[in-house]
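The values are calculated or read from the model by the stated rules, or taken from the named source; none is laboratory data. Since the structure is predicted, the reported quantities are computational estimates derived from the model, not experimental observations. All Cβ positions, even for glycine, are placed from backbone atoms using ideal geometry, and neighbour counts span all protein chains on display.
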C-alpha cells in the first residue's frame, strides 16, 4: 500500500519568513495530493491540493509543488504569520474521493 | 447538513466496556471515512465506505473494531471490550461523489475524544 513520509516533524520560523514542508510517497499510481492544517484541538481542514497533471499550484501565501518522477511534493508558506502556527499534514491517494494515506504531520511554530 | 457531525464529542468509558461512535456525513457525500488520531500523532486510517460498495476495512486494528453504514447516511463505529490503547480522537470525514465538479477532498467532523479508564 501507499506510504507517505513527511519532514520535518517540527519547524520553527520567524514571522515573515518562509516555511517549507516536504513529503515523499511510495505508490506511483497516486495522483491526488492534499494538504491539511490542524489547529490545536480542532479538526483538520483542507488548505490546498494538487493533482498529478499539475506541477505547481498557488493560493495567496501558500503553494504546493509536485515532482511525480521523484515522487515528492512540498508545501510552501510565504510571509508566515502567527496564525499559521498549526500541525500540517500531507496526504496521497489514487483519486480525489478515495482513501487518503497521511504523513505523520509537521508542527509549525511561527514566532513574532 | 452543513458539515460532518459526530457524536458524542467526548466519551469516557471503563476498560472492557463497548462504545459506539456516530458520524453523520454531509448530505450527498457518497464516501465516508473513519480515522484515529492518538495524542500528538498523525491520522491512522481505519475504514472507508463508498456508496453501496463493500467497505475497505484494511485499517481496522483488531476484530474488536467494526463499523456500519446504511446507504449514504449515518455510520457507526463500534469498539468492543475497550482497552486503554483505544484512547484517541476518532475522526470521521466524508467526500463528494466521484467525478462531480464540487470541491474535492475530505471534510472532517470535529471528532469523538474517547478516553478508556
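Looking at the stretch A:86-112 only, could you name the residues that are under 14 Å from the mean Cα position of the chain (by Cα) and more than 14 Å from chain B (Cβ to nearest Cβ)?
A:108 - this is the single residue of the stretch A:86-112 that is under 14 Å from the mean Cα position of the chain (by Cα) and more than 14 Å from chain B (Cβ to nearest Cβ).
Please verify whether the stretch B:67-75 includes one or more residues that are in a strand (DSSP E or B), at pLDDT 95 or above and closer than 30 Å to residue A:86 by Cα.
Checked against the condition, which is being in a strand (DSSP E or B), at pLDDT 95 or above and closer than 30 Å to residue A:86 by Cα, the stretch B:67-75 yields at least one hit.
Can you name the strands (runs of 3 or more DSSP E) wholly within the stretch A:11-105 that have at least 1 residues being surrounded by 13 or more Cβ atoms within 10 Å (Cβ to Cβ) and without any contact (Cβ under 8 Å) to a residue 24 or more places away in the chain?
A:45-51, A:56-59, A:62-67
Do you know which residues across the stretch B:63-78 are closer than 29 Å to residue A:5 by Cα and surrounded by 12 or more Cβ atoms within 10 Å (Cβ to Cβ)?
Hits for the stretch B:63-78 are B:64, B:65, B:66, B:67, B:77.
Out of the residues in the stretch B:3-51 that are away from every other protein chain (no Cβ under 14 Å), out of contact with any helix residue (DSSP H, G or I) (no Cβ under 8 Å at 6 or more places or on another chain) and in a loop (DSSP other than H, G, I, E, B), which is surrounded by the most Cβ atoms within 10 Å (Cβ to Cβ)?
B:8
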